[in-house]
Amino acid sequence: MAILVPARGAEASGDEPVDIGGIIFSHIGDSYEWHITDIGGHAIAIPLPVIVRSRTSGWHCFMSSRIGHGASWEGFHVASSGDNEGKLVEDVGGEEVRPLDISITKNVASLMFSSLLLALLVLLTARWYRLHDSSREAPRGLAAAMEPLIMMIHNMARENIGEDDYRKYSPYLCTAFLFILLNNFLGIIPIFPGGANLTGNIAVTMVLAICTFLAVNLFGNKHYYKEIFLPDVPGFLKPIMPVIEVFSAIVKPISLTIRLFANMLAGHIMILAMVCIIFIMAKYGPVLFGSMTAVSVLFGLFLDLLECLVAFIQAYVFTMLSSIYIGLSRQKE
Amino acid sequence: MNLVTPDFGLLFWMVIIFGLLFFVLARFGFPVITSMVEKRSSLIDKSLADAREIDAMMAGMKAEHEKMLTDTRKEQALILKDATDRGKAIVAEAREAASSEAGKIIADARAQIAAEKESALRDIRSEVAALSVGVAEKILRKELSDDVSTDEFLAKMVEEASSSDVRLS
């Protein structure tokens, strides 16, 4: 992400103030093209397919290069203001109407890339175990790197869910953990295949949390539902408890969603803000500019390292809480 | 702010891609890895238990070996002692037998010497008697031819002979 900033900073280095908010939000938000960098004032960007369904004219599919720089194509353009700012809208009788939009945006492309990468990593590891006799040979290379991560989650599942059921849930927890971890790290990497703020996007964390919610509530045992609807409490609490319990069951995935989303988003914003200090200070003379640049680089480095830590911790926390919730739903009497 | 409103397109793709990813990895990825690793860790546990058992067995075998060694040594000492005793006994017995045999031989020799002495004496005596008779005969023949004092001489001879006979015996 950070690598994009210089070009934008240079553009704004005239008399007009640097639009910090714009820079930061353009980096943590989604876009229809994958902007890599600017070279000599020309944007280097990968155009991505736009797939939209208009209420009036049906499905449309075209490359995002058609709608760059506010251009209009087949009646669609990117709104520059209003509720749908930055989103594709259709002109219907002078009004901007949001079509059904399932475009392959930057985040979706990053999601596809990271999922392919993760599938490749895990399947190659599995292939090693298929081809080698693991009781005679220690894992090497990729398998040696992936095994501790996978076994850490597998053992966490065993501890939190219990010996009887954990095998059913362990693949989901492993998938979720590695998915979050990989995307967290890809989000920190500023250059091309990384840099998309995927785990700092609420839609992604929401889907993950809903998966956990479904894993908890679809396969909860009798004891779990009895605790919710017929808990063993004094009579006057009997009508209140189900309400509280249902509320708590719904709040759990929401807290999972917000925790991961907000942590990753905040980390990205902090790093970007640190980098932006350089461009704000550019017009305050060489002394201030130079010293603040040093400060900004040092703090940027510190925050990057902190984010590496947070990337792991948040993936771990999400998975651990998921496994604890699942464990509660599979508790024996 | 559209930061906190989930975008439908991303939701849609996320559900599809994450679902696909989960299906593929849960089917072909993680179970293979975890089952192999679990197999390996159970093998390691088993090997460790086996090693402990073998260790205990080895310790038992060593003690047994030691016991056998000391037993053998004890037995060896016993056999040696027995052998020495028996040897000594045989030597002593042999010495005794030899000395008794020697005594007997000496006694026999003595008896034989005595008997031989007796017979030698007897021979000498009869020789002497014969000699004296011969001498007497010669003398008699000469005296009788002279016949001077034959009677006197005969009487003297008889007396002498009888007295010497007594003395010899």
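The values are calculated or read from the model by the stated rules, or taken from the named source; none is laboratory data. Remember, predicted model here, so these are calculated numbers, not experimental data. Note that we place each Cβ from the backbone using ideal geometry, even for glycine, and neighbour counts take in every protein chain shown. Heads up: the accessible areas ignore ligands, DNA and RNA and are worked out on the full protein's heavy atoms, side chains in. Shrake-Rupley method; radii C 1.70, N 1.55, O 1.52, S 1.80 Å.
Structural remarks
- Per principal axis, descending, Cα span of chain A in whole Å: 70, 57, 45
- Here the stretch B:9-38 is scanned for amide nitrogen atoms under 12 Å from the site 7 Å beyond the Cα of A:Ala144 along Cα-to-Cβ, giving none.
- Prolate/oblate/rounded label for the stretch A:129-168 (Cα gyration tensor, a/c 1.5): prolate
- Cα-centre dipole for the stretch B:8-168 with unit charges at Cβ (Lys and Arg positive, Asp and Glu negative), debye to 20: 2100 debye
- For the stretch A:129-144, 3J(HN,Hα) computed residue by residue from phi via the Karplus equation (6.51, -1.76, 1.60; θ = phi - 60°) reads 6, 6, 7, 10, 8, 5, 7, 10, 9, 7, x, 10, x, 4, 4, 5 Hz, glycine and proline entered as x.
- Per residue accessible area in Å² of the stretch B:42-160, where ligands, DNA and RNA are left out and the probe is 1.4 Å: 89 Å²
- Computed with a 1.4 Å probe over protein heavy atoms only, the accessible surface of the stretch A:49-103 comes to 58 Å² per residue.
- Quotient of Cα Rg and 2.2 N^0.38 Å for the stretch A:190-277, N being how many residues it contains: 1.58
- Charge dipole (debye, nearest 20) of the protein assembly as shown; +1 at Cβ of Lys and Arg, -1 at Cβ of Asp and Glu: 1820 debye
- Taking chain A as a Gaussian network of alpha-carbon nodes connected by springs under 10 Å, the highest mean-square fluctuation of the residues A:Ala176, A:Ala157, A:Ala294 belongs to A:Ala294.
- Rounded FRET efficiency, nearest 0.05, which uses the C-beta distance separating B:Glu53 from A:Ala79 and R0 of 60 Å: 0.20
- Residues whose placed amide H lies under 5 Å from that of A:Asp38, excluding near-sequence neighbours: A:Ala7, A:Ile44
- Among the residues of the stretch B:17-31, those with an accessible-area drop of 50 Å² or more from chain alone to full protein complex, heavy atoms and 1.4 Å probe, are B:Ile17, B:Phe18, B:Leu21, B:Phe22, B:Leu25, B:Phe30.
- In the protein assembly as shown, taking the dipole from charged Cβ atoms about the Cα centre, the farthest positive-side position among B:Leu11, A:Ser296, A:Ala176 is held by B:Leu11.
- Carbon + sulfur, % of accessible area of chain A - ligands and nucleic acids excluded, 1.4 Å: 67 percent
- Within the stretch A:132-154, the residues that become at least 20 Å² less accessible when every protein chain is included than when their own chain is isolated (1.4 Å probe; DNA, RNA and ligands ignored) are A:Ser134, A:Ser135, A:Glu147, A:Ile150, A:Met151, A:His154.
- Pairwise label distance in nanometres, A:Val251 with A:Leu301, each label 7 Å out on the Cα-Cβ vector: 4.3 nm
- Computed from protein heavy atoms with a 1.4 Å probe, the total accessible area buried between A and B is close to 3800 Å².
- Gyration tensor verdict on the stretch B:8-168 (Cα atoms; rounded if a/c is under 1.5, prolate if a/b is larger than b/c, oblate otherwise): prolate
- Within the accessible area of the stretch B:1-109 (1.4 Å probe), percent carbon and sulfur: 68 percent
- Accessible surface, per residue, of the stretch A:106-329 when the full set of protein chains is kept, probe 1.4 Å, Å²: 46 Å²
- Heavy atoms of B:Glu53: accessible area, 1.4 Å probe, square angstrom to 10: 120 Å²
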